[in-house]
1. Please determine whether any residue of region 45-57 is among the aliphatic types (A, V, I, L, M) and in contact (Cβ under 8 Å) with a residue 40 or more places away in the chain.
2. Which of the residues spanning region 153-181 are among the small types (G, A, S) and more than 28 Å from S102 (Cβ to Cβ)?
3. Has region 197-216 got any residue that is surrounded by fewer than 24 Cβ atoms within 10 Å (Cβ to Cβ) and in a loop (DSSP other than H, G, I, E, B)?
4. Kindly indicate the residue of region 167-187 that is of a type in the set (A, V, I, L, M) and within 14 Å of the chain's Cα centre (by Cα) and also surrounded by the most Cβ atoms within 10 Å (Cβ to Cβ) among those meeting that condition.
5. What is the number of the single condition among (1) in the same structural domain as V31 (by TED's automatic domain parsing); (2) on the phi < 0 side of the Ramachandran plot that E184 does not meet?
6. Based on what the data block shows, is R13 out of contact with any Asp or Glu (no Cβ under 8 Å at 6 or more places or on another chain) and within 30 Å of E224 (Cα to Cα)?
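The values are calculated or read from the model by the stated rules, or taken from the named source; none is laboratory data. Not measured: the values here are computed from a predicted model. Here the Cβ positions follow ideal geometry from the backbone for every residue, glycine too, while neighbour counts run over all protein chains shown.
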Amino acid sequence: MKKYTFTKKVDTRSGFGAGLAELGRTNENVVALCADLVGSLKMDEFIKENPERFFQVGIAEANMMGIAAGLTIGGKIPFTGTFANFSTARVYDQIRQSIAYSGKNVKICASHAGLTLGEDGATHQSLEDIGMMKMLPGMVVINPCDYNQTKAATIAVAEHQGPVYLRFGRPAVPVFMPENEKFEIGKAVHLTEGNDVTIVATGHLVWESLQAAEALDSMGISAEVINIHTIKPLDSEAILKSVSKTKCIVTAEEHNVLGGLGESVSRVLALNNPVPQEFVAVNDSFGESGTPAQLMEKYQLNDKAVIEAVKKVLKRK
């Protein structure tokens, strides 16, 4: 099987910052807004180069969404920035009414998503955001896996007409995707070919799934790993093509098991080709304080959890 390696670890939020800075140089309509978290969102370079195109709204996230919606009327492409919990739960009414309902061209950029926010604990760990955002009609939901893919996704969403939710994280994670690979919204990326089981993963769980696939290969189990960076629109064709060969699937995500990638995949399978499925996700609970590694271990969101899910689903084929 194809093996992936990495030479460095970088947080995905830095990929967002790099992509935003590049957009600042190439697209004069791109503007940025932040709710008092410039450093955490890595917006410094964009602001330094384009101070007149940046709006610091302070700790007023609802106002930020309203301002962003208004800026689109003048042809601007606003990128809002704050933590995932504050980008969704705190401002869901404003997103629904002012952005999604009228299809405003706002890019909602959400850092510090999932359990790997770490020590800040359950109040800041957003494990419901994918479900909330994918239910909004017309909302694109993207969850890239590393620095390179997050940078590419940030650049790509500026070309998409309509609202987008772009989710990324805080911890440094392996950089393994090609540096200049074009990001295609709604197009899954096949990472490894396999015949025994399909593993579809998103965000930080993509690398964990690759590590799991390598370990499974040594056990004589051939796993096909697919990077689902776009939760909505979901690449149903890629999933169905894979399971037609493997006859079973594992979904892996740093999100509540309810409402996330796994349930979207289940719907596709139920409508087209029902096969056994196992879920690697948070089992309907809030998080807690701890290091990212401790939390991924406790909540079973790592390569070991993927391996166990594969063993379980293979018994159900």
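1. At the first step, the residues of region 45-57 found to be among the aliphatic types (A, V, I, L, M) are 47, 57.
When the remaining residues are screened for being in contact (Cβ under 8 Å) with a residue 40 or more places away in the chain, the result is none.
The answer is no, given that none of the residues of region 45-57 is among the aliphatic types (A, V, I, L, M) and in contact (Cβ under 8 Å) with a residue 40 or more places away in the chain.
2. G169, A172
3. No - not one qualifying residue is present in region 197-216.
4. Quick first cut of region 167-187, residues of a type in the set (A, V, I, L, M) only: 172-173, 175, 177, 185.
Retained after the next criterion (residues that are within 14 Å of the chain's Cα centre (by Cα)): 173, 185.
Working: V173: 22, I185: 17.
Across region 167-187, the extreme among qualifying residues is V173.
5. Of everything listed in (1) in the same structural domain as V31 (by TED's automatic domain parsing); (2) on the phi < 0 side of the Ramachandran plot, E184 misses just condition (1).
6. Numbers: out of contact with any Asp or Glu (no Cβ under 8 Å at 6 or more places or on another chain): yes; within 30 Å of E224 (Cα to Cα): yes.
Answer is yes for this residue.
Conditions tested, residue by residue: (1) of a type in the set (G, A, S); (2) over 19 Å from H204 (Cβ atoms); (3) exposed (fewer than 15 other Cβ atoms within 10 Å of the Cβ); (4) not assigned by TED's automatic domain parsing to the domain that holds K151.
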{"residue": "L240", "(1), (2), (3), (4)": "no, yes, no, yes"}
{"residue": "A252", "(1), (2), (3), (4)": "yes, no, no, yes"}
{"residue": "R267", "(1), (2), (3), (4)": "no, yes, yes, yes"}
{"residue": "Q277", "(1), (2), (3), (4)": "no, yes, no, yes"}
{"residue": "S289", "(1), (2), (3), (4)": "yes, no, no, yes"}
{"residue": "K304", "(1), (2), (3), (4)": "no, no, no, yes"}
